[in-house]
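For reference, the structure is listed below as structure tokens.
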Amino acid sequence: MEPILQVKNLNHLYSAGTPFEHKALEEVSFSVNRGEFIGIIGHTGSGKSTLMQHLNGLLKPTSGDILLDGKSIWADKASTRQARFRVGLVFQYPEYQLFEETVYKDIAFGPKNMKLSAEEVDRRVREAAGFVGLTEKQLEVSPFDLSGGQKRRVAIAGVIAMEPEVLILDEPTAGLDPVGREGILKNIEDYRKAKNATIMMVSHSMEDVARLTDRLLVMNHSRLAFDGTPAEVFTHAEELVEMGLSIPQVTQVFLHLRKMGVKVENVYTIEQAIAELKRIRGGDVHA
């Protein structure tokens, strides 16, 4: 099966040819399959945000290419325009980008730009609102009268209403309380399942990416350092810490046990930790 997205030898220079020249991406390559849930992690300034803005054509690479269904998104203007609808991008704190007088109009903005019929726009607005848990009554109020968490839902719904095949989110749960965070993550997973969509999510919560994602991409100093399942990536826990990244708390505990001389497996979820502790208590592990 051909990947839905392919990133090929991507390089990006900011302020090229000036004293402020900065290499934001260096020879980044990977493929993304339809329906995957991919986590993107990395220290501040590692290139995560720059990478995301290339995936739907907001930024043009200095060199390299992005292929969507095997065709460069830069092949022509039509390809670039299509990429921006087919690959949806939700920025960090997207609620600051709300601007319409009602929630309905804000969610409808993207579909209207796609030149869809009024009936199709209405269907998409109401379906997207349902995915993120907004009520019919809330569609008619000003987005600025909603809570912070509800504003976040409106902004995500505005991207979902374009029915992107790839949905990219930059820290979608930042600043939310635990209930709000879990609600947003459930909304994202519901959309993925309903549309067989590909999800790419930047997060600083190692617990979230360990629990939810199929694959992790680890960015470090403008390069792709690791690409693998959470189980594969978190076997490099010491290297991740050296990169300035946190690791799941249960992984930290088991790394400490290993340093104490206890023979333990790598774990990164609570379920794995419980199973490993049961094994230790059963006498299978010796200090």
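The values are calculated or read from the model by the stated rules, or taken from the named source; none is laboratory data. Small disclaimer: the values here were computed from a predicted structure and weren't measured. Ideal geometry is used to build each Cβ from the backbone, glycine not excepted, and the neighbour counts take in all protein chains shown.
Which residues, counting only those in the stretch 161-181, are touching a Phe, Trp or Tyr at 6+ places or on another chain (Cβ under 6 Å) and at pLDDT 95 or above? Talk me through it step by step, then tell me what you get.
So the first thing to find is which residues in the stretch 161-181 are touching a Phe, Trp or Tyr at 6+ places or on another chain (Cβ under 6 Å), and the list is 162, 170.
Across the stretch 161-181, the qualifying residue is only MET162.
How many residues are touching a Ser or Thr at 6+ places or on another chain (Cβ under 6 Å) and either under 17 Å from LEU217 (Cβ atoms) or among the hydroxyl-bearing types (Ser, Thr, Tyr) (or both) when one looks only at the stretch 8-31? Break it down into steps so the answer makes sense when it comes.
Filtering the stretch 8-31 down to residues touching a Ser or Thr at 6+ places or on another chain (Cβ under 6 Å) leaves 8-9, 11-13, 21, 23-26.
Still in the running and either under 17 Å from LEU217 (Cβ atoms) or among the hydroxyl-bearing types (Ser, Thr, Tyr) (or both): 8-9, 11-12, 24-26.
Result for the stretch 8-31: 7.
From the list SER29, SER63, which residue is closer than 18 Å to MET201 by Cα, at pLDDT 95 or above and either surrounded by fewer than 17 Cβ atoms within 10 Å (Cβ to Cβ) or among the aliphatic types (A, V, I, L, M) (or both)?
Details: SER63 fails: closer than 18 Å to MET201 by Cα.
That would be SER29, the only listed residue that is closer than 18 Å to MET201 by Cα, at pLDDT 95 or above and either surrounded by fewer than 17 Cβ atoms within 10 Å (Cβ to Cβ) or among the aliphatic types (A, V, I, L, M) (or both).
Across the stretch 148-184, which residue is nearest to PRO111 (Cα to Cα) among those that are in a loop (DSSP other than H, G, I, E, B) and acidic (Asp, Glu)?
Pass one, the stretch 148-184, residues in a loop (DSSP other than H, G, I, E, B): 161-165, 171-177.
Applying the additional criterion that residues be acidic (Asp, Glu) yields 163, 165, 171, 177.
Numbers: GLU163: 9, GLU165: 14, GLU171: 24, ASP177: 30 Å.
Here the residue is GLU163.
Considering only residues that are among the polar types (S, T, N, Q) and either more than 24 Å from LYS48 (Cα to Cα) or out of contact with any Leu (no Cβ under 7 Å at 6 or more places or on another chain) (or both), which ones fall in the stretch 173-197? Walk me through how you get there before you give the answer.
Step one: filter the stretch 173-197 for residues among the polar types (S, T, N, Q), giving 173, 187, 196.
Once the filter is applied, which keeps residues that are among the polar types (S, T, N, Q) and either more than 24 Å from LYS48 (Cα to Cα) or out of contact with any Leu (no Cβ under 7 Å at 6 or more places or on another chain) (or both), the stretch 173-197 yields ASN187, ASN196.
Report yes if ARG223 is in contact (Cβ under 8 Å) with a residue 40 or more places away in the chain, under 19 Å from ASP170 (Cβ atoms) and in contact with an Asp or Glu (Cβ under 9 Å, 6 or more places away or on another chain), otherwise no. Working first, answer last.
Details: in contact (Cβ under 8 Å) with a residue 40 or more places away in the chain: yes; under 19 Å from ASP170 (Cβ atoms): no; in contact with an Asp or Glu (Cβ under 9 Å, 6 or more places away or on another chain): yes.
In short, no.
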